[in-house]
Amino acid sequence: MMKLNSTVYLYELLWVLPSLALPVGMFAVLLVTTFGAEIHLPGVEGRVDPNRVDSTAPFDQPGVVQLGPGQYEVHMVSQVWSFDPAEIRLPVGAEVTFVVTSSDVVHGLFIPYTHTNVMLLPGQTSRVTARFDQPGHFRFFCHEYCGLGHHTMSGEIVVEAQ
Ligand code: CUA
């Protein structure tokens, strides 16, 4: 009688312990990635009236702005089905923060070979930083389906050797 009880107790323990360890482990991973590796969901970086993008700084003057040595900011507006600016010229080694919004529907900004992959929501500002250490031509794309011309919505970053 005693033997049966302890076997049942052991099986119960074999289920209970992993079901405790799993959520505790997952929570630990969440804490490490959030506070240790700073991986997080994009938050609201700023608001902008989608009807007044053209007259709201910094989107009233789309283009590249130099902030300091090797430091740049790109102010960009997305709309069906283009980016403004569509061509961005930077010197090699540039660290660039893209400040982007949409003036109509949901678009996306994806720059292959960088960590740049953000949604562009009307009414919100997206902000993402990338570094360009190799000279060359880098195409960027809209990665959110935004209508008939979605597949044509792209641009180019030209990184020039100094
Ligand atoms: Cu814009 Cu797809």
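The values are calculated or read from the model by the stated rules, or taken from the named source; none is laboratory data. This one's a predicted model, so the numbers in the text were calculated from it and none came from an experiment. Please note: Cβ atoms are built from the backbone with ideal geometry, for glycine as well, and neighbour counts cover all protein chains shown.
In this structure, is THR101 of a type in the set (S, T, N, Q), more than 16 Å from the ligand (Cβ to nearest atom) and in a strand (DSSP E or B)?
So THR101 does not fit the description; no.
Restricting to segment 18-69, give me the number of residues that are in a helix (DSSP H, G or I) and either at positive phi or not polar (S, T, N, Q) (or both).
Number of matching residues: 20.
Mind listing whichever residues of segment 81-104 are of a type in the set (A, V, I, L, M, F, W, C), within 21 Å of THR56 (Cα to Cα) and surrounded by fewer than 17 Cβ atoms within 10 Å (Cβ to Cβ)?
Once the filter is applied, which keeps residues that are of a type in the set (A, V, I, L, M, F, W, C), within 21 Å of THR56 (Cα to Cα) and surrounded by fewer than 17 Cβ atoms within 10 Å (Cβ to Cβ), segment 81-104 yields only ALA86.
One line per residue, one yes/no per condition, for (1) within 19 Å of GLU73 (Cα to Cα); (2) at pLDDT 90 or above; (3) acidic (Asp, Glu); (4) out of contact with any His (no Cβ under 7 Å at 6 or more places or on another chain):
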site	(1), (2), (3), (4)
ILE111	yes, yes, no, yes
HIS115	yes, no, no, yes
ALA130	yes, yes, no, no
ASP133	yes, yes, yes, yes
TYR145	no, yes, no, yes
THR152	no, yes, no, yes
GLY155	yes, yes, no, yes
VAL158	yes, yes, no, no
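Pick from segment 68-80 the residues that are away from the ligand (no atom under 16 Å from the Cβ) and touching a residue at least 24 places away in the same chain (Cβ under 8 Å): which of them is farthest from GLY149 (Cα to Cα)?
Per the stated criteria, the residue is GLY70.
Over 20 Å from the mean Cα position of the chain (by Cα), surrounded by fewer than 16 Cβ atoms within 10 Å (Cβ to Cβ) and over 30 Å from HIS137 (Cα atoms): which single residue out of LEU14, LEU30, LEU67 fits that description?
Being over 20 Å from the mean Cα position of the chain (by Cα), surrounded by fewer than 16 Cβ atoms within 10 Å (Cβ to Cβ) and over 30 Å from HIS137 (Cα atoms) holds for just one of LEU14, LEU30, LEU67, which is LEU14.
If you go through segment 25-77, how many residues are modelled with pLDDT under 95 and touching a helix residue (DSSP H, G or I) at 6+ places or on another chain (Cβ under 7 Å)?
Number of matching residues: 4.
Could you run through segment 111-161 and say how many residues are part of a strand (DSSP E or B), of a type in the set (A, V, I, L, M, F, W, C) and more than 10 Å from the ligand (Cβ to nearest atom)?
Matching residues across segment 111-161 total 11.
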